[in-house]
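These notes are about the structure you will find just below.
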Amino acid sequence: MTATTLPSPVRDVPTQVLVGGEWRPASGGATFEVSDPATEEVLTSVADGTGEDGLAALAAAHEAAPAWAAVAPRDRAELLRACFEAIVDRTEELAALITAEGGKPLAESRAEVAYGAEFFRWFAEEAVRAPGLLRTAPAGANRQLVHRRPVGPALLITPWNFPIAMATRKIGPALAAGCPVVIKPAQLTPLTTMAVAEIVRGELAARDLPAGVINVVPTSSARTVTAPVIADPRLRKLSFTGSTGVGRVLLGQAAEQVLNCSMELGGNAPFVVFADADLDAAVEGAMVAKLRNGGQSCVGANRFLVDSAVAGEFADRLAARFERLTVGPGAEGHDVGPLIGADAVAKVHELVDDATGRGARALTGGELPDGPGYFYPPTVLADVPADARCVAEEIFGPVAPVVVFDGADAGIALANDTEYGLAAYAYTRDVDLAMRAAHEIDSGMIGINRGMVSDASAPFGGVKQSGLGREGGEAGLEEYLETVYVAM
Ligand code: NAP
């Protein structure tokens with residue numbers, strides 16, 4: 001289906017390739033369509049970038065690198081601060097855009113705009129605080145001067161699920177550190193990232209700063225654009241957020257140049273409810289941890305591991321809350337929007353079928369609705385066996401499988417029974433058990449009696465196959481800095 005008039009959130013957004021400060025058509029002249037997952041209608045067409053466009057963007061970034069590295073940290077900070085303010089001023093417009101292309105409820109889109117803008121404010125403040133060191137060597141023979149410099153041009157590859165926050169979480173620290181960027185946004189939701197790039201482009205131009213600092217190459221063929229860029233020695237940094245499978249492929253390509261890599265990959269967050277947990281708090285936390293973006297979040301609770309003493313009550317109470325949720329277009333104020341596409345709906349349903357086929361019971365949801373739009377009902381599955389596929393794989397939908405354990409040792413062991421280690425959640429009233437969970441669950445982030453961990457000022461990232469490096473916090477800047485040691 002094609003819309004006859006473009007909805008207002010989409011009308012003014014750039015839809016071309018951004019190279020060296022100019023929006024221009026893709027080198028091959030082709031475009032691809034971006035659709036609204038709530039209606040399946042085409043929103044607009046976007047330039048379909050090529051390998052040639054990727055290399056042109058890299059050339060622009062490479063050319064801008066020395067001048068950008070020489071810009072005073074205070075001036076870089078003020079640029080980022082101005083971008084933060086411009087994004088906040090345009091909250092409604094950007095939120096409508098996120099909802100149009102990604103489907104999430106408008107209230108969540110506004111929250112994502114605030115969260116995404118915060119990375120620019122945080123890294124504006126960090127830009128002037130790059131650490132250094134001067135000391136006498138232990139043997140007293142010389143002085144050691146350690147300073148930091150920008151790593152150089154960075155390729156930023158982002159996923160579709162948080163199109164503003166996943167972009168600003170990389171652009172903010174890269175620009176703060178003095179690195180120009182080439183962004184490859186997600187094919188499904190490129191528009192919000194391009195709107196943010198236009199804000200940065202405008203602020204750079206207004207200050208007469210190098211235009212090649214920010215470049216964007218949307219494409220329907222990711223590898224075609226990114227592979228030649230990753231193989232080019234002018235690229236000095238790769239920062240990727242997406243699935244573990246694609247991360248592995250990119251790490252393989254990056255190995256050729258021993259490229260500096262940051263990898264924010266997939267998750268399989270356990271939400272552990274111990275026997276003594278405050279169940280009111282646990283159910284509230286579960287709503288947040290499970291349902292943000294309809295369950296399509298890397299830190300979304302994937303497995304609810306609940307002590308047998310409270311499992312039945314927890315599952316019933318969660319199901320009662322899920323039943324009260326409205327499902328429909330995010331722009332209309334519903335609690336739960338659509339999934340991103342037909343494949344996502346099919347995969348979620350397949351995982352539910354697999355679980356029920358192995359003896360799980362759907363307390364609510366679990367039925368495929370009729371179209372249009374890629375909707376899936378909030379679903380609670382009780383009595384899920386530990387070998388069900390939804391316990392091992394990222395569900396990426398509003399499905400909460402409840403797996404029962406007996407005693408804290410078993411709960412922690414189950415939580416660790418995964419190749420992932422991004423986020424985890426634990427509910428208990430016992431401080432000792434809370435500290436034990438925080439230390440023994442293999443995870444880069446853990447919420448204790450909280451269903452939300454994300455914060456621009458905190459180090460975000462995973463262990464095991466959930467990634468390498470951290471974004472946000474002080475650590476986020478480090479990812480874009482080289483350490484240079486001078487012996488004097
Ligand atoms: P994805 O399929 O891995 O795609 C992520 C990005 O990589 C997209 O821009 C995609 O382009 C691009 N890409 C795909 N294949 C590529 C290739 N062969 N070479 C170069 N680039 C390639 O992930 P997604 O479906 O967008 O996002 C969901 C996944 O991201 C989940 O696993 C989720 O857990 C993870 N995620 C992790 C974090 C975190 O911080 N750890 C945050 C958000 C999401 P196209 O759009 O064109 O396919």
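No value in this document is a laboratory result; all are computed from the given coordinates. None of the values given here were measured: they were computed from a predicted structure. Virtual Cβ from ideal backbone geometry, glycine too; neighbours counted across all protein chains shown.
Summary of values
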read-out: Ranked by how many other beta carbons lie within 10 Å on average, peptides 400-409, 320-329 from highest; value: 400-409, 320-329
read-out: Amide H within-cut-off set for Ile183, under 5 Å, with H built and near neighbours excluded; value: Leu156, Asn215, Val216, Val217
read-out: Karplus-derived HN-Hα couplings along region 40-50 (A = 6.51, B = -1.76, C = 1.60, θ = phi - 60°), whole Hz, x at Gly and Pro; value: 6, 7, 6, 8, 5, 10, 10, 4, 9, x, 10
read-out: Long-range amide H partners of Val272 with built H, under 5 Å; value: Leu305, Tyr425, Ala426, Tyr427
read-out: Crossing angle, helix 431-440 versus the chain [Cα axis fit, 0-90 degrees, rounded to tens]; value: 60 degrees
read-out: Only Lys, Arg (+1) and Asp, Glu (-1) charged, at Cβ; region 167-253 dipole about Cα centre in debye; value: 300 debye
read-out: Contact order normalised by residue count of the chain, Cα under 8 Å, 6+ apart, percent; value: 18 percent
read-out: Spatial separation of Cα centroids for region 115-179 and region 417-476, in angstrom; value: 22 Å
read-out: Whether the chain is rounded, prolate or oblate, judged on the alpha carbon gyration tensor where a/c under 1.5 counts as rounded; value: oblate
read-out: Region 246-286 and region 388-412: distance between their alpha carbon centers, rounded to Å; value: 15 Å
read-out: Rounded to whole Hz, the Karplus (6.51, -1.76, 1.60) HN-Hα couplings of region 109-119, x for glycine and proline; value: 5, 4, 5, 5, 4, 4, 5, x, 4, 4, 5
read-out: Angle between the chain longest axis and helix 279-291 axis [Cα atoms, degrees, rounded to 10]; value: 50 degrees
read-out: Highest average packing first - 140-147, 184-191, Cβ atoms within 10 Å; value: 184-191, 140-147
read-out: Calculated from backbone phi, Karplus (6.51, -1.76, 1.60) coupling profile of region 184-191 in Hz, x at Gly/Pro; value: 10, x, 6, 4, 6, 9, x, 5
read-out: Label point 7 Å beyond Cα of Ile448 along Cβ direction - residues of region 264-295 with amide nitrogen under 13 Å; value: none
read-out: Alpha-carbon centroids, region 359-375 and region 23-95: separation in whole Å; value: 37 Å
read-out: Shape of region 250-378, Cα gyration tensor, a/c cut at 1.5; value: oblate
read-out: Three-way shape call for region 329-488 based on the alpha-carbon gyration tensor, with the a/c threshold at 1.5; value: oblate
read-out: Those aspartates and glutamates that a straight Cα-Cα span of less than 13 Å connects to Lys464, excepting residues fewer than 8 apart in one chain; value: Glu264, Asp417, Glu419, Asp442
read-out: Relative contact order (percent, whole number), region 180-226, Cα cutoff 8 Å, 6+ residue spacing; value: 57 percent
read-out: Residues with amide H under 5 Å from that of Thr364, placed H, sequence gap 5 or more; value: Val380
read-out: Sequence-separation-based contact order of region 294-347, relative, with Cα cut under 8 Å and 6+ spacing, percent; value: 26 percent
read-out: Degrees between helix 91-102 axis and first principal axis of the chain (Cα, 0 to 90, nearest 10); value: 60 degrees
